[in-house]
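Visitor: What follows is a single structure, and I will ask about it in a moment.
Quick note: the coordinates plus some simple rules give every number you see, no bench work behind them. Keep in mind that what you see is a predicted model, and the values were worked out from it rather than measured. All Cβ positions, even for glycine, are placed from backbone atoms using ideal geometry, and neighbour counts span all protein chains on display.
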Amino acid sequence: MNLHEYQSKKILASYGVPVPEGLVASNPGEAEAAARALGGSVWVVKAQVHAGGRGKAGGVKLARDLAEVTAAAAGMLGQRLVTKQTGAAGLPIEKVYVESGSDIERELYLSFTLNRERGRIAVVASAAGGMDIEQVAHDTPEQILSVSVHPAAGLQPWQCRQLGFGIGLEGEQLAQFQSILLALYRVYTEKDASLIEINPLIVTRAGRLVALDCKLDIEANALFRQGEMAALRDPGQEDPAERVASEHDLNYVSLDGDIACMVNGAGLAMATMDLIKLHGGAPANFLDVGGGATAARVSTAFELILSNPNVRAILVNIFGGIVRCDLIADGIIDAVRDVGVRVPVVVRLEGTNAEAARARLAGGSLAIIPAGDLTDAARKVVAAARAAP
């Protein structure tokens with residue numbers, strides 16, 4: 001679950017991480033009032049969306065008087081911000097964050113994430129802050145420094161100093177850096193975070209380290225014990241189909257293709273998408289209906305995938321282990337009829353009572369195409385999508 005910048009910075013500040021003063025606003029008048037309350041002569045107005053690359057997309061504006069603050073907020077609020085992370089549809093800007101300007105001397109990069117290969121938290125730092133870290137890693141990988149945190153020992157002061165020296169800090173700045181890292185480690189572990197990214201972590205002309213931006217993601221599977229974090233969720237920033245799926249305990253991710261997939265099991269879903277690509281098609285989604293697929297869940301899944309206007313064909317690939325295939329077949333037939341599916345549906349069922357299920361699908365009056373195996377199913381659905389009007 002993603003948090004907005006203003007939410008993330010409030011959490012960081014509560015742990016003692018220095019952040020610029022700022023106030024959130026929902027309309028231009030509130031933005032002007034926020035700038036007045038903050039004082040000073042320079043402010044930054046930032047669109048609050050769950051995506052990076054806001055500055056390059058016009059979502060971050062520098063203002064040198066109150067009129068510019070008001071104009072910047074008016075130009076963002078109610079619009080959709082399109083960045084390289086949002087896709088063409090962009091994300092709605094419902095709030096802006098008005099922040100006091102900072103006197104920047106250097107920009108650094110800092111993040112906490114999970115190194116899945118080692119099963120440990122990785123702390124990553126770079127002297128090349130304020131830039132696309134992926135591009136830095138590609139062009140100058142020597143500028144990316146990292147340490148792994150042993151879960152029993154936790155983040156150690158010597159690791160903080162190692163990173164600090166590596167990115168060119170010295171003297172009092174090293175002590176500040178260590179304090180920030182230890183605080184962020186507490187945030188990461190206590191809030192069940194999956195990512196903390198500060199880009200940039202700035203060094204001011206006065207020599208202070210300040211988190212100028214923050215991306216904080218909370219592990220969705222831990223939200224049951226993170227009620228305070230779960231309350232910060234902003235459904236308006238989520239893909240509508242993915243939001244509906246989560247409400248029905250379906251695992252759904254929108255993709256760019258035209259062949260919808262309905263599968264039970266994440267591994268089987270990945271294999272299904274691979275086979276579709278292998279035979280020249282493009283998946284429109286990842287959809288795992290779970291091991292206990294029922295007729296009601298299948299019907300909801302059909303409604304979900306048909307909400308995508310790009311879908312030209314559907315592939316249902318179910319292994320009936322917990323639930324019998326003939327019962328799943330009945331659910332598919334009912335769902336196709338009740339939902340009013342108007343695109344070709346290819347169904348591959350395997351497991352308990354699979355033969356009876358295939359006979360029911362083939363004997364019905366609906367345009368359901370049974371498949372014998374996964375390769376056969378992939379070929380048929382790709383052909384059906386190409387032939388669809």
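Visitor: Viscosity 0.692 mPa s, temperature 37 °C: give me the Stokes-Einstein translational D for region 237-287 in µm²/s, with Rh taken as the Kirkwood radius over C-alpha pairs.
Guide: Value of D from the Cα-based Kirkwood radius: 293 µm²/s.
Visitor: Restricting to DSSP H runs of at least four residues, report the calculated mean residue ellipticity at 222 nm for the chain, -39500 (n - 2.57) per run over all residues, nearest 500 deg cm²/dmol.
Guide: When only DSSP H runs of four or more count, the value is -11000 deg cm²/dmol.
Visitor: Hey, could you grab the Kirkwood Rh for region 318-389? Inverse mean 1/r over distinct alpha carbon pairs, Å, one decimal.
Guide: 12.4 Å
Visitor: What is the extension gain from residue 242 to residue 277, computed as 0.36 nm multiplied by their sequence separation minus the C-alpha to C-alpha distance, in nm to one decimal?
Guide: 10.4 nm
Visitor: Which order do the peptides 226-238, 45-57 come out in when sorted by mean C-beta neighbours inside 10 angstrom, highest first?
Guide: Ranking the peptides 226-238, 45-57 by packing returns 45-57, 226-238.
Visitor: Could you work out, for region 10-153, what percent of all Cα-Cα pairs fall into each 10 Å distance bin, beginning at 0 Å and stopping at the bin that holds the largest distance?
Guide: Histogramming region 10-153 at 10 Å steps yields 11, 30, 34, 19, 6, 0 percent.
Visitor: For region 79-115 and region 328-349, compute the distance between their C-alpha centroids and round to whole Å.
Guide: 42 Å
Visitor: Give the distance, in whole Å, between the Cα centre of region 220-275 and the Cα centre of region 167-213.
Guide: First find each Cα centre; the distance between them is then 32 Å.
Visitor: Right, another one. Among (i) 23.7; (ii) 22.1; (iii) 21.1, which is the computed Kirkwood radius over Cα pairs in Å?
Guide: For Kirkwood radius over Cα pairs in Å, the calculated option is (i).
Visitor: Taking the C-alpha atoms of region 77-179, how large are the radius of gyration and the largest Cα-Cα span, Dmax, in Å?
Guide: 17.2, 47
Visitor: Right, here's the next one. Please compute P(r) over all alpha-carbon pairs of region 232-389, binned at 5 Å starting from zero, and give each bin as a whole-number percent.
Guide: 2, 10, 21, 24, 22, 13, 5, 2, 1, 0, 0
Visitor: With everything on Cα atoms, drop me the angle between helix 157-166 and the longest principal axis of the chain, reported from 0 to 90° to the nearest 10.
Guide: It works out to around 80 degrees.
Visitor: What ranking, highest mean first, results for peptides 81-90, 150-159, 185-194 when packing means the other Cβ atoms within 10 Å averaged over each residue?
Guide: 185-194, 81-90, 150-159
Visitor: Could you tell me how many degrees, from 0 to 90 and to the nearest 10, lie between the Cα long axis of helix 325-339 and the main elongation axis, the longest principal axis, of the Cα atoms of the chain?
Guide: Once rounded, the angle reads 80 degrees.
Visitor: Follow-up. To the nearest 10 degrees, how steeply does helix 5-14 sit against the main Cα axis of the chain, on a 0 to 90 scale?
Guide: Compared with the principal axis, the helix lies near 60 degrees.
Visitor: Follow-up question, since we're still on this one. Considering Cα pairs under 8 angstrom that are at least six residues apart, work out the relative contact order of region 81-139 and quote it in whole percent.
Guide: Reported as a whole number, the value is 23 percent.
Visitor: Please report the antiparallel percentage of DSSP beta bridges with both residues in the chain, rounded to the nearest 5.
Guide: Beta bridges within the chain, antiparallel portion: roughly 75 percent.
Visitor: So which lysines can residue 95 reach, going by Cα to Cα under 19 Å and dropping same-chain residues fewer than 8 places off?
Guide: Result set, ordered by chain and number: 9, 10, 46, 56, 61, 215.
Visitor: Relative contact order of the chain: what whole-number percent is it, with Cα pairs under 8 angstrom and at least 6 residues apart?
Guide: Averaging sequence separation for qualifying contacts and normalising by length gives 12 percent for the chain.
Visitor: What spacing in nm lies between the two simple spin-label points modelled at residue 220 and residue 102, each 7 Å away from Cα in the Cβ direction?
Guide: A separation of 3.0 nm, rounded to one decimal place.
Visitor: Per-residue HN-Hα couplings for region 200-212, Karplus 6.51 cos²θ - 1.76 cosθ + 1.60 at θ = phi - 60°, whole Hz, x for Gly and Pro?
Guide: After applying 6.51 cos²θ - 1.76 cosθ + 1.60, I find x, 8, 9, 10, 6, 5, 7, x, 8, 8, 9, 7, 7 Hz.
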